[in-house]
1. Based on what the data block shows, is residue 133 touching a residue at least 24 places away in the same chain (Cβ under 8 Å) and not assigned by TED's automatic domain parsing to the domain that holds residue 24?
2. Using the structure shown, decide if residue 71 is without any contact (Cβ under 8 Å) to a residue 40 or more places away in the chain and either at negative phi or of a type in the set (Gly, Ala, Ser) (or both).
3. Quick check on this structure: which one of 102, 164, 150 is under 27 Å from residue 50 (Cβ atoms) and in contact with a strand residue (DSSP E or B) (Cβ under 8 Å, 6 or more places away or on another chain)?
4. How do the pairs read when you match residues in the stretch 138-149 that are at positive phi with residues anywhere that are modelled with pLDDT of 95 or more and of a type in the set (Val, Ile, Thr), using Cβ under 9 Å and keeping only pairs 6 or more apart or on different chains?
5. Suppose we filter 62, 57, 30 for residues that are of a type in the set (A, V, I, L, M), crowded, with 18+ Cβ neighbours inside 10 Å and farther than 30 Å from residue 75 by Cβ; which single one remains?
6. Would it be correct to say that residue 98 is modelled with pLDDT of 95 or more, in a loop (DSSP other than H, G, I, E, B) and assigned by TED's automatic domain parsing to the domain that holds residue 160?
7. May I ask you to list the residues in the stretch 113-137 that are farther than 20 Å from residue 45 by Cβ and touching a strand residue (DSSP E or B) at 6+ places or on another chain (Cβ under 9 Å)?
8. In this structure, is residue 92 touching a residue at least 12 places away in the same chain (Cβ under 8 Å) and buried (at least 17 other Cβ atoms within 10 Å of the Cβ)?
Amino acid sequence: MPDFRVYCQPTVADPAEIVLTPDESHHLVAVNRAKAGDTVVAFDGRGCDWICELADADKRAARLKVRFAQRAKPLPWRITLGQALPLGGAMDSIVRKATEIGAARIVPLESERTQVHLDGGRSDRKIEKWQTAALEAAKQCGNPWLPEIGAVTTASAFMEAAKGYDLKLIASLQPGAKSLRSVLAQLRSTTGRGPSNVLWLVGPEGDFTPAEMGLSRTCGFEPITLGPLVLRCETAAVYALSVLSYELSS
């Protein structure tokens, strides 16, 4: 894979030339030190890559000459991560790892035990920051699909509004939580196929409250164990997405 990868939003569907934004131009030319003649992959975050040559290494408006375009097929499944907001910068890491694993949507949640609460202005700034984290991760790992970052919402409201999923899962520390493999096997036995649209909920430090777990069951979520050890929320998110992606690809 070429070394240089940039994000763009061309104004036409089949561009012969792409002029990058000042931020993308600066990162490509000043930070990554790309030079005229280098191969650059430009992507739009919606599955389209343009294989280009850097024609003009302008730090404010780098110009790419398009050689050819290629369209990536989306994954055969769509995973949404509903993540209760953790402390510190852990959400940035979760967004990056979720992008690398291929999550289609990430929704930040405020639960009863969440210690981070965002008002309107802070929420907007955080979402912009997480979108930047997702973009950086997509560039690094070569993912042509950028995940959607949803608005911050309460866990209870999100559970109640969660419709249209083939399978809804919630990571659980409580006794009686099932293994992911057994739940998927049961679904395949019942429907004859695996799920194509899955929702995973991961709680905050201290997990979801018993009331929230009770609501999740009422709303059709399956409590899933992530093993015998108590994981940090960022570890739990990566673990949950990884094992689900593996099982869906099996």
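1. yes
2. So residue 71 passes the test.
3. When all the criteria are applied, what remains is 102.
4. Correct list of pairs: 142/41.
5. After ruling out the rest, the residue left standing is 62.
6. The answer is no for residue 98.
7. Those that are farther than 20 Å from residue 45 by Cβ and touching a strand residue (DSSP E or B) at 6+ places or on another chain (Cβ under 9 Å): 113, 114, 116, 117, 118, 123.
8. yes
The values are calculated or read from the model by the stated rules, or taken from the named source; none is laboratory data. Predicted, not measured: the structure shown is a model, and the values here were computed from it. In this analysis, Cβ positions are derived from the backbone assuming ideal geometry, glycine residues included, and neighbour counts consider all displayed protein chains.
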